[in-house]
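Derivation of every value follows stated rules applied to the coordinates shown; laboratory data play no part. The structure presented is a predicted model; accordingly, all values stated were derived computationally and were not measured. Here the Cβ is made from the backbone with ideal geometry for all residues, glycine too, and neighbour counts use every protein chain on show.
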Ligand SMILES: CC(C)(COP(=O)(O)OP(=O)(O)OC[C@H]1O[C@@H](n2cnc3c(N)ncnc32)[C@H](O)[C@@H]1OP(=O)(O)O)[C@@H](O)C(=O)NCCC(=O)NCCS
């Protein structure tokens, strides 16, 4: 497995020094390579996924992605019914002062993302919240695991200690994914908080049973 990093194009202002790098194998990737703000992930099923920083101009294609997603997937991501993102919401998500936002592609056509993912500081020091949305057609192929794994690497590069996510108790794919990445899971009413420790030998935990 070859892991190539050419620079630190995803550092967020105010982030601390990198805490180290994971191999792709830690996160369900066969391999990854980064150049500037673009990373190519090879999923364990052999799909090449390009991830790059999202920009303001990606809103239209991200809303088209929302339209291709099922209601269930959108509810999984937002924990409520959502059809589109507003300009103001997207501007905040892509604003590097408020975290990181990445869009995912499986072809050279960068006007048709198959997913997007965000990492946002929660306000609690060292805790950032991760969210991932993968288009239904591309789910269950290892893409979400690879993208979430990349988020954890980006979190490490930004000095983050814990990546957390909140999902509905019935969201088994998301729970399985984050447990595979080493998350500790806490049930709070009808939500589950999954918390991945970023510092140290990240991701080197044994996957929990389903
Ligand atoms: C959650 C999500 C990101 C996962 O993405 P993905 O590309 O499907 O993820 P992967 O294929 O890497 O892994 C999903 C795993 O869940 C498993 N899975 C799927 N349905 C399952 C079910 N009903 N019960 C148990 N496991 C299930 C899959 O088998 C797979 O595990 P495997 O690789 O060991 O076979 C994707 O389903 C999604 O975008 N959902 C809607 C948004 C959402 O809920 N986001 C989570 C909040 S951040």
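What are the semi-axes of the equivalent ellipsoid of segment 71-148, taken as the square roots of 5 times the eigenvalues of the Cα gyration tensor, listed largest first and rounded to whole Å? Before the final figure, lay out the partial values.
Details: eigenvalues 87, 43, 41 Å².
For segment 71-148, the ellipsoid semi-axes come out as 21, 15, 14 Å.
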Please work out the FRET efficiency for the pair residue 78 and residue 184, using the Cβ-Cβ distance as r and a Förster radius of 30 Å; give the result to the nearest 0.05. 0.80
Here D for segment 105-204, in µm²/s, from Stokes-Einstein with a Kirkwood Rh over Cα pairs at 37 °C and 0.692 mPa s, works out to 235 µm²/s
Distance histogram in 5 Å bins (all Cα pairs of segment 3-197, percent per bin): 1, 8, 17, 22, 23, 18, 9, 2, 0
Taking the Cα atoms of segment 74-113, report the difference between the largest and smallest coordinate on each principal axis, in whole Å and largest first. 31, 26, 16
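So how do 161-170, 140-149, 69-78 stack up, highest first, on mean other-Cβ count within 10 Å?
Result, highest mean first: 140-149, 161-170, 69-78.
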